[in-house]
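J.: This structure is in structure tokens; I'll ask about it shortly.
What follows draws every value from the coordinates through simple rules; no lab data is involved. Predicted model only: the values in this text are computed from it and were never measured. We place every Cβ from the backbone using ideal geometry, glycine too, and count neighbours over all the protein chains shown.
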Amino acid sequence: MNIIKLHPIVGSFAENKDKARDIRLNTILPILEKGGSAVLDFENIDSITQSFAHALLSDLIRNYGIDVLDRVIFSNCNETTKRIIETVVDYMQ
Amino acid sequence: MKIHLPNSSFLGNINSFLKSIDISKEDVLEITSNEKWISVHPVIVCLVASLGLEVRQRSKLSNPIICQKFTAASKHYFERIGLFKFLGLDSEMRINSHESAGRFIPLTQISESMKLTKFIEDMVPLLHLDPKNVKPIKYIISELVRNVLEHSQSINGAVVCAQYYSKSNTIRIGIVDSGVGITKTIRKSHIAHTDLDAIQLALTPGITGTTSKEGGTEYNAGAGLFFIKSIAKINRDFFIIYSGNTLYKLLREKDGKIIHLFSNPLDDKHSKDITMPIWNGTVVGVDINLNETEEFTSLLDQIRNIYTNSVRERKKDKYKKPKFI
């Protein structure tokens, strides 16, 4: 498992979609392409926007199918973050 | 152009102010104001500031902004919130720096992504709010300004300000741009005959100007405005969006009435006016009553259900089966 700590990259309010896209393209995708799994660690993140979660996750689901969620795991999410991730995962299915 | 700042104008009664804007003579901006008292929603302050930026850039005159001296007792508010500085005018008001600054976010121009991130970090302490009330405010400002940066093509980016009103325990937020407007953006991927059609589409979950595909692209989901309208609706607050000749206003729901979210904004309790002076860009104003603020997580649950169902229904409508003969 490759742990990706998001707080040092995006701060406590994860809203910057450019950063989300960078994380997806430059960190998550290379791991998945090698057949690996990634843990997205939301420790110390208070809140995220739907736009951030969409830029981070939607294309992974679109390209790899919903089973990508067996290889992309979320840790240390508070309730707000969980709800927003669930929203994106819901509408992408 | 001529603008008169009235005695009192907030989202509930903003129509008459917007109708009074004179958009002729694009190279001059004349500002007058009520002589006794001026109390206006921050979206109006943003709108005046945005027009000022436009006129300064467009006009060849050395003094394209003519501002009648403010005499109202509340005139210092406009100095504090940064309107005169924004317009490049000397108000001749001197504010003592030791005076309480109040709970507001001064006028700020945001034209790039990293500046938005910094702005959000810096603005929260200015409002002195309970942390549970901060989440929806940060959310709204981030999503609305990102919309401007991504879609408006405005060289000036977004003009933002906000104010906390202790009497009503409400945060009022304004975000204005002078870009291409919603209709031009939506028409890149959808059919919109009128500005109202375009606003209706922009507020519909899963529709974005960047693609005709349901659910958007890898970068845009077409959810931002729907989320914000929904936050306002669930909290029984006003929300306005004005672009081209059209003003759409989400009206407040009555206390005690069960709130239902709709994917079609015209199904919400609203008013619309398609005879406004043409605004080249987009104006958004929203109120957040902190007494009514529902837990952000429960609010997100409600929004998620309607968003997901709406996108699924439309996907189903477009789904085609093979024809076997």
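J.: Work out which GluC sites (Glu not before Pro) in chain B are exposed loop sites (DSSP not H, G, I, E or B, at most 16 other Cβ within 10 Å) and give the longest gap free of them. Show your work: numbers first, answer last.
T.: Details: sites that count: B:Glu26, B:Glu35, B:Glu92, B:Glu99, B:Glu112, B:Glu292, B:Glu294, B:Glu295.
The longest uninterrupted stretch comes out as B:113-291.
J.: Rounded, prolate or oblate: which fits the stretch B:213-278, taking a ≥ b ≥ c as square roots of the Cα gyration tensor eigenvalues, rounded meaning a/c under 1.5, else prolate when a/b beats b/c? Could you put the intermediate results ahead of the total?
T.: On the way: a/c = 2.31, a/b = 1.10, b/c = 2.09.
The shape class here is oblate.
J.: For a paramagnetic label modelled at 7 Å from the Cα of A:Glu79 toward its Cβ, which residues of the stretch B:249-281 fall within the zone defined by backbone nitrogen distances under 14 Å?
T.: Within reach of a label on A:Glu79, which here means backbone N under 14 Å from a point 7 Å along Cα→Cβ, the stretch B:249-281 contributes nothing.
J.: Here is a further query. In Å, what is the Rg of the alpha-carbon atoms in the stretch B:103-318, and how long is Dmax?
T.: 16.4, 49
J.: Return, ordered by residue number, the residues of the stretch A:29-47 whose backbone nitrogen is under 15 Å from a label point located 7 Å along Cα→Cβ of A:Asp70.
T.: Correct set: A:35-38.
J.: Same structure, new question: Just how many % of Cα pairs in the stretch B:264-303 lie over 11 Å apart, if you round to the nearest whole percent?
T.: I get 80 percent for the Cα pairs in the stretch B:264-303 exceeding 11 Å.
J.: Moving to a separate point now. What distance in nm lies between label points placed 7 Å from Cα along the C-beta direction at B:Asn264 and B:Glu26?
T.: Computed distance between label sites B:Asn264 and B:Glu26 equals 3.6 nm.
J.: Taking every alpha carbon pair in chain A, what does the distance histogram look like in 5 angstrom bins from 0, in percent?
T.: All Cα pairs, binned at 5 Å, distribute as 3, 15, 28, 30, 19, 5, 0 percent.
J.: Let's see if you can work this out: charge +1 on each Lys and Arg Cβ, -1 on each Asp and Glu Cβ, no other charges. What is the dipole magnitude of the protein assembly as shown about its Cα centre, in debye to the nearest 20?
T.: Details: 53 positive and 47 negative charges, 165 e Å.
About 800 debye.
J.: Whats the longest run of chain B with zero chymotrypsin sites (Phe, Trp or Tyr not before Pro) that are DSSP loop and have at most 10 other Cβ atoms within 10 Å? Let's see the in-between values first.
T.: Numbers: sites that count: B:Tyr319, B:Phe324.
Answer from the scan: B:1-318.
J.: Can you find, among A:Asn78, A:Leu29, A:Leu40, the residue sitting farthest towards the positive end of the charge dipole of the stretch A:2-92, where Lys and Arg contribute +1 and Asp and Glu -1 at Cβ?
T.: Of the candidates, A:Leu29 comes out farthest on the positive side.
J.: Any chance you could list P(r) for the protein assembly as shown, counting all Cα-Cα pairs in 20 angstrom bins from zero, rounded to whole %?
T.: 26, 56, 17, 1, 0
J.: B:Ile278 to B:Asn7: FRET efficiency via 1/(1 + (r/R0)^6), r the Cβ-Cβ distance, R0 25 Å, to the nearest 0.05? Write down the numbers at each step before the final one.
T.: Values: r = 26 Å, r/R0 = 1.03.
For B:Ile278 and B:Asn7, the calculated efficiency is 0.45.
J.: Moving on to the next point. Rounded to the nearest 20 Debye, what is the dipole magnitude of chain B about its Cα centre when Lys and Arg each give +1 and Asp and Glu each give -1 at the C-beta?
T.: Charge dipole of chain B: 800 debye, to the nearest 20.
J.: Between B:Ser74 and B:Asp122, what is the FRET efficiency for a Förster distance of 25 Å, r being their Cβ-Cβ separation, to the nearest 0.05? The partial results should precede the final answer.
T.: Working: r = 26 Å, r/R0 = 1.03.
E between B:Ser74 and B:Asp122, to the nearest 0.05, is 0.45.
J.: Please report, in debye to the nearest 20, how large the charge dipole of the stretch A:2-92 is about its Cα centre when each Lys and Arg carries +1 at its beta carbon and each Asp and Glu carries -1 there. Don't jump to the answer; show the numbers that get you there.
T.: Working: 10 positive and 13 negative charges, 39 e Å.
That gives a dipole near 180 debye.
J.: Tell me, B:Lys229, B:Lys315, B:Lys60 in order of fewest to most beta-carbon neighbours within 10 Å? Intermediate results must be reported in sequence, preceding the final value.
T.: Values: B:Lys229 25, B:Lys315 14, B:Lys60 6.
Fewest-to-most ranking of B:Lys229, B:Lys315, B:Lys60: B:Lys60, B:Lys315, B:Lys229.
J.: Here's a follow-up. As an exercise, use a Förster radius of 60 Å and the Cβ-Cβ distance of A:Asp22 and B:Trp37 to find the FRET efficiency, rounded to the nearest 0.05. List each step's numbers first, then the result.
T.: Numbers: r = 50 Å, r/R0 = 0.83.
Using R0 = 60 Å, I get an efficiency of 0.75.
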